[in-house]
Amino acid sequence: MRAEFTGEPIDDSTLWRILEAAHCAPSVGNSQPWDFVVVREPVTLREFAAHVAERRLDFARSLPTERAHTFAPVKIEGIEESGTGIVVVHDDSRGGPQVLGRATVPETGLYSTILAIQNLWLAATAEQIGVGWVSFYDEPFLAGLIDLPADIRPVAWLCIGPVTEFQHVPDLERFGWRDRRPLSAAVHRERYTGATGK
Ligand SMILES: Cc1cc2nc3c(=O)[nH]c(=O)nc-3n(C[C@H](O)[C@H](O)[C@H](O)COP(=O)(O)O)c2cc1C
């Protein structure tokens, strides 16, 4: 969701239901390592949007000419249009030093926070509310913008709000940036048989 936000802000009770769904996500050792920072101050949204515009420009400049042309019309955020940003942040120390299930795979903490994002996204979709994930930012900039302590990591800026419609084909496919892989290319039987395509 990037271009379809109506500009009307999401109402508080709908937002709370969606955050409740996010907060019900499964997590390693029930550590619940996420927090949600709801950002609505227009000046903060503007400041973040300006930063994202710079990072978008950097990425555009890094592309070969043909890819740069394909990328040019692609909208990568709806920060101000949505009127609400949810910064999902991750506290890796939540749950103490012995988190059940994290001893062998330390990333399971971060995976848990990402599941909260997926829950949020699905709950929003069920409520006909659009969500877009923005990742064109420098983490220290976003951390500074919302006063995060040094050990708390920003994982996503989610634009959230009512939308005029839901697209059926992903934007990046419609703009010719990248198609979906067929499921048959992603499913392996018994052993990993090597990925097809890049
Ligand atoms: C980790 C992650 C980061 C993403 N970052 C961005 C982003 O910075 N800007 C953007 O427009 N979409 C971003 N997306 C959205 C994907 O590009 C998008 O969900 C996917 O291409 C499907 O397209 P659709 O949202 O149009 O259906 C991100 C998605 C994920 C999962």
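The values are calculated or read from the model by the stated rules, or taken from the named source; none is laboratory data. It should be emphasised that the depicted structure is a prediction, and the values quoted were computed from it without experimental measurement. In this analysis, Cβ positions are derived from the backbone assuming ideal geometry, glycine residues included, and neighbour counts consider all displayed protein chains.
Flag set for residue 62, criterion: within 16 Å of the ligand (Cβ to nearest atom), free of Cβ contacts under 8 Å to residues at least 12 places away in the same chain and either closer than 25 Å to residue 47 by Cα or touching a strand residue (DSSP E or B) at 6+ places or on another chain (Cβ under 7 Å) (or both). Scoring residue 161 on the criteria (1) under 26 Å from residue 35 (Cβ atoms); (2) out of contact with any strand residue (DSSP E or B) (no Cβ under 8 Å at 6 or more places or on another chain) leaves a single failure, condition (2). Residues in the stretch 65-90 that are over 15 Å from the mean Cα position of the chain (by Cα) and either without any contact (Cβ under 8 Å) to a residue 24 or more places away in the chain or part of a helix (DSSP H, G or I) (or both): 10 in all. Taken over the stretch 120-155, the criterion of being within 17 Å of residue 77 (Cβ to Cβ) and in contact with a Ser or Thr (Cβ under 7 Å, 6 or more places away or on another chain) is satisfied by 129, 145, 155. Screening the stretch 110-198 for helices (runs of 4 or more DSSP H) wholly inside it with 1 or more residues that are within 9 Å of the ligand (Cβ to nearest atom) and at pLDDT 95 or above returns no ranges. Residue 6 meets each of the listed conditions (1) within 22 Å of residue 136 (Cβ to Cβ); (2) out of contact with any His (no Cβ under 7 Å at 6 or more places or on another chain) apart from (1).
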